[in-house]
Amino acid sequence: EIQLQQSGPELVKPGASVKVSCKASGYSFTDYNMYWVKQSHGKSLEWIGYIDPYNGGTSYNQKFKGKATLTVDKSSSTAFMHLNSLTSEDSAVYYCAREAFTTAFDYWGQGTTLTVSS
Amino acid sequence: DIVMTQAAFSNPVTLGTSASISCRSSKSLLHSNGITYLYWYLQKPGQSPQLLIYQMSNLASGVPDRFSSSGSGTDFTLRISRVEAEDVGVYYCAQNLELPPTFGGGTKLEIK
């Protein structure tokens with residue numbers, strides 16, 4: 001069974017940084033790009049970027065350049081998203097999602113809720 | 001960026017009847033390879049989005065055939081026949097023709 005298991009909720013202070021993880025199982029991790037998506041409360045979905053786990057190649061939404069950094073650990077089939085200089089605008093649910101060969105996002109993590117508050 | 005536009009709410013429907021949800025893109029999603037890079041996702045309350053339709057008209061694995069989708073290069077319709085209570089949620093259209101992938105604002109399926 002294919003699963004993307006994300007790390008738990010985070011409560012962090014403004015100005016801090018956080019690293020969210022997404023552990024993949026049930027498929028060959030390096031064969032599929034991993035995307036990250038932001039969903040602010042009650043709002044739509046916004047693409048942050050993606051990483052190719054095979055070679056670590058990345059592409060970012062211009063809006064998130066300098067804010068998000070995507071990495072992977074192939075040995076543990078885990079993708080990571082590091083967010084820095086956090087503000088209240090970064091409070092949201094963050095999802096990882098696998099990009100299928102059909103270019104659809106066919107599997108999603110359960111989401112990680114980030115709250116930035118003093 | 002390609003803008004995806006959806007109404008915030010569907011027309012209210014009665015369980016067991018049909019529903020339609022529309023989506024419009026600011027640019028044709030039809031690639032020269034003949035594939036239309038339009039997708040539909042459903043986000044049920046408290047859950048992650050789930051894939052319903054890929055490349056405009058293909059049903060994702062495990063999705064009931066009550067769901068179907070069609071369209072042109074810029075105008076698309078998701079149809080749900082015999083709406084069930086489990087279909088409640090927000091439906092998002094999305095494009096992956098070009099970066100950045102973009103999503104519509106979502107349409108909440110309203111049940112009478």
Segments classed as strands (runs of 3 or more DSSP E), wholly inside segment A:23-118, with at least 1 members that are closer than 20 Å to B:GLN43 by Cβ and within 12 Å of chain B (Cβ to nearest Cβ): A:34-39, A:45-51, A:92-99, A:105-108, A:112-116
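Conditions tested, residue by residue: (1) within 14 Å of another protein chain (Cβ to nearest Cβ); (2) assigned to a loop (DSSP other than H, G, I, E, B); (3) modelled with pLDDT of 95 or more; (4) in contact with a Ser or Thr (Cβ under 8 Å, 6 or more places away or on another chain).
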residue	(1), (2), (3), (4)
B:THR17	no, yes, yes, no
B:SER20	no, no, yes, yes
B:GLN50	yes, no, yes, no
B:PRO64	no, yes, yes, no
B:PHE76	no, no, yes, yes
B:TYR91	yes, no, yes, yes
Single unsatisfied condition, B:VAL83 versus (1) more than 14 Å from chain A (Cβ to nearest Cβ); (2) under 24 Å from A:GLU46 (Cα atoms); (3) crowded, with 19+ Cβ neighbours inside 10 Å; (4) of a type outside the set (Ser, Thr, Tyr): (2)
Qualifying positions in segment A:32-69 - of a type outside the set (Ser, Thr, Tyr) and in contact with a His (Cβ under 8 Å, 6 or more places away or on another chain): A:ALA68
Count of residues meeting criterion [farther than 20 Å from B:PRO101 by Cα and crowded, with 21+ Cβ neighbours inside 10 Å] in segment A:23-70: 2
Hey, B:GLU84 more than 24 Å from A:GLN39 (Cβ to Cβ), among the charged types (D, E, K, R) and touching a residue at least 24 places away in the same chain (Cβ under 8 Å) or not: yes
Of the criteria (1) out of contact with any Leu (no Cβ under 8 Å at 6 or more places or on another chain); (2) among the β-branched types (Val, Ile, Thr); (3) buried (at least 18 other Cβ atoms within 10 Å of the Cβ), which one A:THR87 fails: (3)
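Residue-wise test of (1) within 14 Å of another protein chain (Cβ to nearest Cβ); (2) closer than 22 Å to A:LYS38 by Cβ; (3) within 14 Å of the chain's Cα centre (by Cα); (4) crowded, with 19+ Cβ neighbours inside 10 Å.
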residue	(1), (2), (3), (4)
B:TRP40	yes, yes, yes, yes
B:LYS44	yes, yes, yes, no
B:SER61	yes, no, no, no
B:LEU99	yes, yes, no, no
B:GLY104	yes, yes, yes, yes
Residue that is nearest to the chain's Cα centre (by Cα) [pool: residues in segment B:78-89 that are assigned to a loop (DSSP other than H, G, I, E, B) and under 14 Å from B:GLY106 (Cβ atoms)]: B:GLY89
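The values are calculated or read from the model by the stated rules, or taken from the named source; none is laboratory data. Worth saying up front: this structure is predicted, and the values here are computed from it rather than measured. Heads up, the Cβs are rebuilt from the backbone with ideal geometry, glycines too, and the neighbour counts pull from every protein chain shown.
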